[in-house]
Structure formats: C-alpha cells, structure tokens
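Worksheet: one structure, shown below.
Since every read-out is calculated from the coordinates, none of them should be taken as a lab result. The structure displayed is predicted, hence computed values, not measured ones. Glycine also receives a Cβ, built like all others from the backbone with ideal geometry; neighbour counts cover every protein chain displayed.
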Amino acid sequence: MRSSIVSFKFSTSNATRRSLALVAALTLVALGSAGTLGNSQIAQAATATKASAALASLKVQPWASHAGYARAQFSDGWGKIGSCDTRNYILQRDLSAVTWRSGASCEVATGTLNDPYTGKVIHFVRGVQTSLAVQIDHVVPLSNAWMTGAQSISATNRYSLYNDPLNLLAVDGPTNEAKSDSDASAWLPPRAGFRCSYVARQIAVKRKYHLWVTSAEKSAMQAVLAGCPSQLLPTR
C-alpha cells in the first residue's frame, strides 16, 4: 500500500521547487490523509476546538489486547507527501536553516532543531553516526494506538495514522527513545512548557482516528490541561 504521490515539475531552482512542493503538500495532508475518514471528519478537524472539550468526547476503555501488533500493521516505511518522503517532510517542517543533500530531490542534509521535548538546540547532520540525534516521534505511539482502537480501523487509516504530520514531530533522539510507547499517564515531555501542546496533539490524533483513552491516560491529560484551559487542538 502506498499513499498518493504528486509530482511537481517547474522550470525553477531546486529550492523554489521544494518550497512550492511543501505548500502543495500541506494541502494534500489536510485533504488527503484525513480524506479516508470522510468529509465530516475533515470539516471537524478544521474547526478550532478546545483540547479539554475534545478529550471529554473521547471514549474511555481499558487497553485492548496487544496481540497481533507490528509496525507493519501500519506501514512498511515512510510514505510520500508531495515530493518528499514523510521523514524529510517533517524535518523540513520542524527544522530551521535547512540545507539539502546535493543531487537529491528532497533529502535534508543539515538543519537546526529547537527540540520541543527538552528545549535543547540540536544541530542535525545527516549521516550514519549522526542522523539519530533527531528522530521523528509518533506522538501517539503506534503500540498505544493499536491497543486503543487502531486494530479495528482500516489498513488505509492505519497507514494514514503512521504518516500523518498531525501525529509526527522531529525531536531529540534519546528523549524519544526514553518515551518508547508510553502514554500520557507514564510519560510527558521533560520540558513542562510543551506539555499542553503535546497532550492536545495526542487528543487531536485520537479524535481524528477514533481511538479511545484509558482512565489513567485521561486523568493525566486532564491534569495537564487544567493548567491551560484555553488550549486548542492542532489541525496539522
């Protein structure tokens, strides 16, 4: 299974072409990745919604069985968004001062990440020994998604969840590894100032893909949102 790929051909420089492709890709993400869920869900996702209200609307259930879980149940690797693979799309979105690998159509060579999880400034350099310094985190971990309803949604929607920028952030590699597949009741970003945004993004993903929360997870989210009652859901 592969997501739709759109090619962009302009008689412009590579940098200009990449910028145009990124703008077009944002439109594809807003319309395409959510499109498998229907027009009503697309309209719903585009509406500003308080995270606390969205959390209240989520079902609360115990974890489903972990049996059958594998990353391959979601995707066999990164898909495509416009002219980029998903990883490079997220690097381009989240890093500043990006440079490109020579001769490649869309491969980030270097850039600077202001890590949302720790507040550290990380200078990313592509390479065997250096690329893992910046990793792409599934904000709702795939294992958690599997046990909170994803095993019951379509393979197409699981693929979208894996590659959806709404569920992806470029972050500090070791911190991402420490998070592993923990939900909000077991792990929150070390940087307290980002916790409201983090929880809101998890809620947005669970709402979009019709996943539920456990009672412990909901309580942890409510505790975070109590300190930011006006926090809105992200839409991309």
Legend entry - residue 169 long-range amide H proximity, modeled H, under 5 Å: 137, 139
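Within a 10 angstrom radius of the beta carbon, how do 124, 74 rank from fewest other beta carbons to most? Please report the intermediate quantities before stating the final value.
Values: 124 23, 74 20.
Ascending Cβ contact count within 10 Å gives the list 74, 124.
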Legend entry - Burial order of peptide ranges 117-123, 194-200, 154-160 (average beta-carbon count within 10 Å, highest first): 194-200, 154-160, 117-123
Inset, instruction - Among 124, 142, 79, flag the residue with its Cα farthest along the positive direction of the charge dipole of the range 76-143, charges on Cβ as +1 for Lys/Arg and -1 for Asp/Glu. - result: 124
Inset, instruction - Excluding residues fewer than 8 places away in the same chain, name every one of the lysines whose C-alpha is closer than 30 Å to that of residue 80. - result: 9, 120, 179, 206, 208
Inset, instruction - Could you work out how far apart the two model spin labels at residue 63 and residue 219 are, taking each label as a point 7 Å from the Cα in the direction of the beta carbon, and quote it in nm? - result: 1.6
Inset, instruction - Rounded, prolate or oblate: pick one for the range 187-236, where a ≥ b ≥ c are the square roots of the eigenvalues of its C-alpha gyration tensor, a/c under 1.5 means rounded, and failing that, prolate if a/b is larger than b/c, else oblate. - result: oblate
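Under unit Cβ charges (Lys, Arg +1; Asp, Glu -1), what dipole magnitude, rounded to 20 debye, does the range 84-146 have relative to its Cα centre?
Values: 5 positive and 5 negative charges, 22 e Å.
My answer is approximately 100 debye.
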Legend entry - Segments 94-105, 202-213 sorted - mean Cβ within 10 Å per residue, highest first: 202-213, 94-105
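Which order do peptides 135-148, 53-66 fall in by mean Cβ count within 10 Å, highest first?
On the way: 135-148: 21.9, 53-66: 14.1.
Ranking, from highest mean packing down: 135-148, 53-66.
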